[in-house]
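One structure below.
The values are calculated or read from the model by the stated rules, or taken from the named source; none is laboratory data. Keep in mind the model is a prediction, meaning the values are calculated, not measured. Cβ coordinates were reconstructed from backbone atoms using ideal geometry, including for glycine residues, and neighbour counts include every protein chain displayed. What goes into the accessible areas is simple: the full protein's heavy atoms, side chains included, and nothing from ligands, DNA or RNA. Shrake-Rupley method; radii C 1.70, N 1.55, O 1.52, S 1.80 Å.
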Amino acid sequence: MKVLHSAALLSPSPGMLNQMSWEQDAAEELGIQWDSRMYCPNKTFGPLNILIQDHTISSSINKSFPKKLFDWVSLRKNYYNWLHSVSDQYDLFLLRYYVHDLFQLNFVKRFKKPVLFVHHSKEVPELGGEGSFTAKSRSFMEDKIGPFVLKNTVGLVGVTEEIVFYELSRMKNTTSDKKPYFIYPNGISYQGNKIIDKRIDHIQILFVCSLFDPWHGLDLLVEDLKINNDDFTIHVVGEVKSQDLIYLESDHRVKLHGKLSNQQINEISYGCHVGLSSFALFRKEMSEACTLKVREYLRLGLPVYAGHKDIFPDDFPFYHFGEPLLNKIIYFAREMAIIPKQVVSESARQYIDKVEILKSLYSHLTTLK
């Protein structure tokens, strides 16, 4: 069975491009018939083996809103036309899901080959969470359009079990709520992975986000910082856009780094004892996630303390699900300090290596034949 896994974006993030590239490399290592492709504007920077560049659309950077909207419409139309043009080359189409997309609905109703969508969030509550008129309107549109898209698929794929069950619940008003489903968590490449351990007795904590949105819960950690007197260092990497910045700048235990390259983050991680992930997913009506950042921590041998569930079993010792309380984070860090980072990295590999994850998904998808 030959599978096409594709997505289409005007400005794909480096993280998404990495995910698609790692997936293609994993498919080639496994020797399976699988193509990962990113459909995007002309001259998009990324791995050439996964890019399908639309030469009628240029990068949307510095364009006006009407022009960006026109480009978005053009990209959606052209993307689905491209999928039709390659339909004879594949047996199954695994496509990234897009919210309230009428082009997507029209495509899946007309397309003759089996289609599954990959879901990365609980779309309706996430869209409406902002509370603005625009957010509520988008949430309403997705609530009405989404179930009809799902009805025309042969199954669904979610990055967590929670998301899968949410998507199944959206089909209760259709005849399709018994569709097969598969869990496909984010994975990471272990190629060229380097483990360096520069830890000392002084506890160092790493918290990385490109942008600290409310659902990361940095404000919850700040509240605990205000009443905690322990001696430690916490490295905050990323853009902090809130009143939390005022306190963080005043606490000598906090080192604000702003945005850094992956190599710069890796160098900080060498001396750290624990990495932090999100603590406020409840703000998106979620309790589970499988973020790329967690996988990057673990690959580097950094145990993780997070406020959400992930795909790891309860007896996996290097991922701790807990509250944003620094005394507990420090206790966990001290427990982990005696574990070699190489042990952490290799123990996590079976759960986060893209090769193992893709192998499992492909095996399950073949049952749809």
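When segment 206-259 is limited to residues that are within 19 Å of the chain's Cα centre (by Cα) and on the phi > 0 side of the Ramachandran plot, the one that is surrounded by the most Cβ atoms within 10 Å (Cβ to Cβ) turns out to be Gly217. Scanning segment 111-122 for residues that are surrounded by 21 or more Cβ atoms within 10 Å (Cβ to Cβ) and within 14 Å of the chain's Cα centre (by Cα) returns His119, Lys122.
Condition check for Gln263 on (1) touching a residue at least 12 places away in the same chain (Cβ under 8 Å); (2) out of contact with any strand residue (DSSP E or B) (no Cβ under 9 Å at 6 or more places or on another chain); (3) in a helix (DSSP H, G or I); (4) not aliphatic (A, V, I, L, M): one failure, at (1). Taking the conditions (1) open to solvent by less than 30 Å² (accessible area, probe 1.4 Å); (2) modelled with pLDDT of 95 or more; (3) more than 16 Å from the chain's Cα centre (by Cα) in turn, Asp197 satisfies each one other than (1).
May I ask you to list the residues in segment 318-340 that are in contact (Cβ under 8 Å) with a residue 24 or more places away in the chain, buried (at least 16 other Cβ atoms within 10 Å of the Cβ) and under 24 Å from the mean Cα position of the chain (by Cα)? Correct list: Phe318, Tyr319, Pro324, Ile329. Among the residues of segment 282-296, the one identified as touching a Gly at 6+ places or on another chain (Cβ under 8 Å), among the hydrophobic types (A, V, I, L, M, F, W, C) and crowded, with 21+ Cβ neighbours inside 10 Å is Val294.
Of all the residues in segment 297-317, those that are outside any loop (DSSP other than H, G, I, E, B) and open to solvent by less than 30 Å² (accessible area, probe 1.4 Å) number 5.
For segment 266-281: of the residues being of a type in the set (A, V, I, L, M) and outside any strand (DSSP E or B), which is most open to solvent (accessible area, probe 1.4 Å)? Applying the filter and picking the extreme gives Ile268. Taking segment 59-110 as the range and being without any contact (Cβ under 8 Å) to a residue 40 or more places away in the chain, open to solvent by less than 20 Å² (accessible area, probe 1.4 Å) and more than 23 Å from Ser139 (Cα to Cα) as the test, only Tyr80 passes. For Thr56, the conditions (1) open to solvent by 50 Å² or more (accessible area, probe 1.4 Å); (2) out of contact with any helix residue (DSSP H, G or I) (no Cβ under 7 Å at 6 or more places or on another chain); (3) of a type in the set (Val, Ile, Thr) all hold with the exception of (2). Can you find a residue that is touching a residue at least 12 places away in the same chain (Cβ under 8 Å), open to solvent by less than 50 Å² (accessible area, probe 1.4 Å) and not β-branched (Val, Ile, Thr) anywhere in segment 43-50? Within segment 43-50, one or more residues are touching a residue at least 12 places away in the same chain (Cβ under 8 Å), open to solvent by less than 50 Å² (accessible area, probe 1.4 Å) and not β-branched (Val, Ile, Thr).
Residue pairs whose Cβ atoms lie under 9 Å apart, sitting 6 or more positions apart in sequence or on different chains, and linking a residue in segment 341-369 that is in contact (Cβ under 8 Å) with a residue 60 or more places away in the chain and under 16 Å from Asp91 (Cβ atoms) to a partner that is open to solvent by 10 Å² or more (accessible area, probe 1.4 Å) and in a helix (DSSP H, G or I), are Tyr362/Leu30.
Out of segment 60-98, which residues are of a type in the set (Val, Ile, Thr) and at pLDDT 95 or above? Reasoning before the result, please.
So in segment 60-98, the residues of a type in the set (Val, Ile, Thr) come out as 61, 73, 86.
Within segment 60-98, just Val86 meets the criteria.
In a residue-by-residue description of segment 28-37, the property of being modelled with pLDDT under 90, open to solvent by 20 Å² or more (accessible area, probe 1.4 Å) and closer than 22 Å to Tyr98 by Cα applies to no position.
Could we say that Ser137 is of a type in the set (Gly, Ala, Ser), closer than 22 Å to Leu281 by Cβ, surrounded by fewer than 16 Cβ atoms within 10 Å (Cβ to Cβ) and free of Cβ contacts under 8 Å to residues at least 24 places away in the same chain here?
Details: of a type in the set (Gly, Ala, Ser): yes; closer than 22 Å to Leu281 by Cβ: no; surrounded by fewer than 16 Cβ atoms within 10 Å (Cβ to Cβ): yes; free of Cβ contacts under 8 Å to residues at least 24 places away in the same chain: yes.
Judged against the criteria, Ser137 is not a match.
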